[in-house]
Amino acid sequence: MLDIVVNKPVAAKESSSLQGIWNTISSWFTPNEDPVASIHLCHESCLLIDKGPLIQTLITIREFMEANPREIITLIIENVNGVEASRVAPSFEQSGLSSMALTLQPDRFSNDLVHSNHYLWPTLQEMIDGNQRLVVFMDDKADTSQVPYILPEWDHVVEIPYANIDPVEQFPCNQDRPHDSVPRDLVVMNHFTYHRRI
């Protein structure tokens with residue numbers, strides 16, 4: 001999973017000791033701000049962990065995919081700041097990954113209401129043959145009418161509970177997110193535990 005946040009450098013006049021530290025903000029941009037440089041991979045706050053601009057990681061993924069033409073990768077973007085998909089898309093475009101990203105086509109022949117919003121998923125071979133080997137989900141603010149290859153995670157994916165506190169005798173398999181009972185085509189299996197600190 002990739003956590004993305006929009007970042008802005010702290011101005012030098014605010015605190016000389018904070019120069020060079022990135023401060024998390026919501027999806028607000030100044031008119032001259034570079035949207036590609038401002039979207040970083042962080043966990044909750046870039047003050048805690050900042051792995052740099054999203055585009056750097058996307059370039060690494062593109063290089064891997066070019067060197068491994070039969071590999072398929074799925075990215076789940078955790079959008080903690082609610083950044084619009086149209087603000088995330090330039091990183092994919094400039095990295096060269098947008099052309100490899102899967103765009104789902106409506107399934108005009110399906111009358112199955114359980115089927116994932118009437119989209120027809122390709123086979124793995126079709127994805128390889130069409131070089132649409134990157135599947136991108138975003139948990140919030142995905143809008144396929146604006147960016148067709150950034151898919152709304154909760155339209156297609158269910159997740160089992162992730163807040164499993166050690167010790168766990170058996171991992172639960174019930175649907176935790178989204179909070180409904182509608183089945184979807186894909187499942188995220190959280191198979192890890194958290195340790196309590198006393």
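Only the coordinates and a few stated rules stand behind these numbers; no lab work does. Fair warning: this is a prediction, and the values are worked out from it, not measured in the lab. No Cβ is skipped: glycine too gets one built from the backbone with ideal geometry, and neighbour counts run over all protein chains shown.
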If you count, for each residue, the other Cβ atoms within 10 Å and average over each peptide, how do 124-134, 163-173 line up from highest to lowest? 124-134, 163-173
Label-point separation, Leu120 to Ser86 (7 Å along Cα→Cβ), nm: 3.0 nm
The answer for chymotrypsin sites (Phe, Trp or Tyr not before Pro) in the range 119-198 that fall in a DSSP coil and have at most 14 neighbouring Cβ atoms within 10 Å is Tyr162, Phe192
Among Ser145, Pro167, Trp121, the residue whose Cα sits farthest towards the positive end of the charge dipole of the range 56-177, when +1 is placed on the Cβ of each Lys and Arg and -1 on the Cβ of each Asp and Glu, is Ser145
What is the Cα coordinate range of the range 51-198 on the first, second and third principal axes, sorted by size from largest, in whole angstrom? 47, 44, 30
If amide hydrogens are placed 1.01 Å from N in the peptide plane, which non-local residues have theirs closer than 5 Å to the one on Tyr119? Asp107
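Between Asp176 and Asp34, what FRET efficiency comes out of the Förster formula 1/(1 + (r/R0)^6) with R0 = 35 Å and r the beta carbon distance, rounded to 0.05?
Given R0 = 35 Å and the Cβ-Cβ separation, E is 0.45.
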Placed amide H near Asp185: partners under 5 Å, 5+ positions off or other chain: Ser116
For Cys46, what residues show an amide H to amide H distance below 5 Å, using hydrogens built from the backbone and excluding near sequence neighbours? Thr24
